[in-house]
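**Student:** The following block contains the structure, expressed as structure tokens.
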Amino acid sequence: MLENVSLRPYNTFGIDVNARYFKECLNLEELRELLPFLRQNAFVVSGGGSNLLFTKDFPGLFLKNNLRGIREIERSNREVIIEAGAGENWHEFVLYCVEKGFGGIENLSLIPGCVGASPMQNIGAYGVEIKDTFEYLDALEIATGELKRFNLDDCAFGYRESVFKRALKNQYIICSVAFRLSLHPTLNTSYGVIEAELAKMNVLEPTLKDVSNAVIRIRQSKLPDPQHLGNAGSFFKNPVVEAEVLANIATNYPKVPSYPASDGMVKLAAGWLIEQAGWKGKKMGAVGVHELQALVLVNFGGARGSEVFELSQRIVDDVEATFGVRLEREVNIF
Ligand SMILES: Cc1cc2nc3c(=O)[nH]c(=O)nc-3n(C[C@H](O)[C@H](O)[C@H](O)COP(=O)(O)OP(=O)(O)OC[C@H]3O[C@@H](n4cnc5c(N)ncnc54)[C@H](O)[C@@H]3O)c2cc1C
């Protein structure tokens, strides 16, 4: 175990804080050896650090989960079950599946981070979430050292939600995740932007690879690359509100975008609310709101995590004062 390690290379915001302890684990045995320590100390399990914000030095153990390996578990004429180690890079895993002709996660191309974190918030993009192809995950229970299997229903997946963020928070280390993918995929291009991008690419009969490429092109044109500009993607979740809240907003803002959600609720676009409140492209010292994507907060260089957090708080307060809607952070704050 290392001590007093800078986490700057381990979070895509590029925030320079120290972790009191640091350990990278390559296999289950190494994870098991750490369990007594984890039972006594604060810790954070991490993959790619693309959904974390450190507002101060971390007083516990930063555990980089680097369990690797991709294997085929089962195959029928129609489907294949593929299991990947938690430390596999998500985008490389998607490309691996696309190359093999396994369909279902191509719309999730280029999402940063690792496979092990993908169930944490049920990652999603362009009309697809991992819950749509999720088969099971295996996770190490910190209290008992047992490896437990979680099926779809056990995970309580929702919009950027799972049981691992709620009732079972900090109780399990996800070690591998399996997906049921199609050998004869139906492509999901219903998100208009994908169709428009395929048209720009002159693709008339798209393949899995074409859809993946279209998503990559769209994302590259819209989202800042953390290698060049520190960020953690969408900082806030899109709020899900009662229809009455939408109606109130619409009296002053008739063009407010909204999408149907479950139980008669409606989903609002957090980026739109932030933009209307005047925050898009705003800079506050070394931090700011991205000029193209109001949902993305950025570190222009040398920012402290607390500055990013303060900016996010000002946005939360302002959006609430303007629209009566309280934004919830998607990024995990430490
Ligand atoms: C440019 C950019 C674009 C993004 N676009 C999207 C998007 O389109 N859709 C989307 O859903 N997300 C998006 N994200 C957010 C992020 O990529 C995802 O949340 C991703 O799954 C995080 O993976 P990670 O390995 O980096 O997790 P980390 O940031 O390392 O960890 C995230 C959380 O998961 C926990 N965790 C990680 N690994 C494990 C494990 N093995 N066991 C238990 N807990 C674990 C951590 O403790 C933490 O709470 C984006 C981020 C960036 C920077």
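**Student:** What number of residues in the stretch 193-216 are more than 18 Å from the chain's Cα centre (by Cα), surrounded by fewer than 18 Cβ atoms within 10 Å (Cβ to Cβ) and not in a loop (DSSP other than H, G, I, E, B)?
**Tutor:** Number of matching residues: 6.
**Student:** Do the conditions hold for LEU35, that is, is it within 13 Å of the ligand (Cβ to nearest atom) and either at pLDDT 95 or above or not β-branched (Val, Ile, Thr) (or both)?
**Tutor:** In short, no.
**Student:** Do you know which residues across the stretch 113-132 are more than 6 Å from the ligand (Cβ to nearest atom) and either surrounded by 22 or more Cβ atoms within 10 Å (Cβ to Cβ) or not hydroxyl-bearing (Ser, Thr, Tyr) (or both)?
**Tutor:** VAL115, PRO119, ASN122, GLY127, VAL128, GLU129, ILE130, LYS131, ASP132
**Student:** Is one or more of the residues making up the stretch 88-110 in a loop (DSSP other than H, G, I, E, B), in the same structural domain as THR189 (by TED's automatic domain parsing), more than 21 Å from PRO224 (Cβ to Cβ) and within 14 Å of the ligand (Cβ to nearest atom)?
**Tutor:** yes
**Student:** Looking for something surrounded by fewer than 19 Cβ atoms within 10 Å (Cβ to Cβ), more than 22 Å from ALA269 (Cα to Cα), more than 9 Å from the ligand (Cβ to nearest atom) and touching a residue at least 40 places away in the same chain (Cβ under 8 Å) - is there at least one such residue anywhere in the stretch 145-157?
**Tutor:** Looking through the stretch 145-157, at least one residue is surrounded by fewer than 19 Cβ atoms within 10 Å (Cβ to Cβ), more than 22 Å from ALA269 (Cα to Cα), more than 9 Å from the ligand (Cβ to nearest atom) and touching a residue at least 40 places away in the same chain (Cβ under 8 Å).
**Student:** Let me ask another. Which residues, taken from the stretch 1-41, are aliphatic (A, V, I, L, M) and exposed (fewer than 15 other Cβ atoms within 10 Å of the Cβ)?
**Tutor:** Listed by number, the residues that qualify are MET1, LEU2, LEU26.
**Student:** Here is a list of conditions, (1) of a type in the set (Gly, Ala, Ser); (2) surrounded by 13 or more Cβ atoms within 10 Å (Cβ to Cβ); (3) within 28 Å of ILE216 (Cα to Cα), and SER190 meets all of them except one; can you say which number that is?
**Tutor:** (2)
The values are calculated or read from the model by the stated rules, or taken from the named source; none is laboratory data. Everything numeric in this text was worked out from a predicted model, so none of it was measured. Here Cβ is always computed from backbone atoms with ideal geometry, including for glycine, and neighbour counts include all displayed protein chains.
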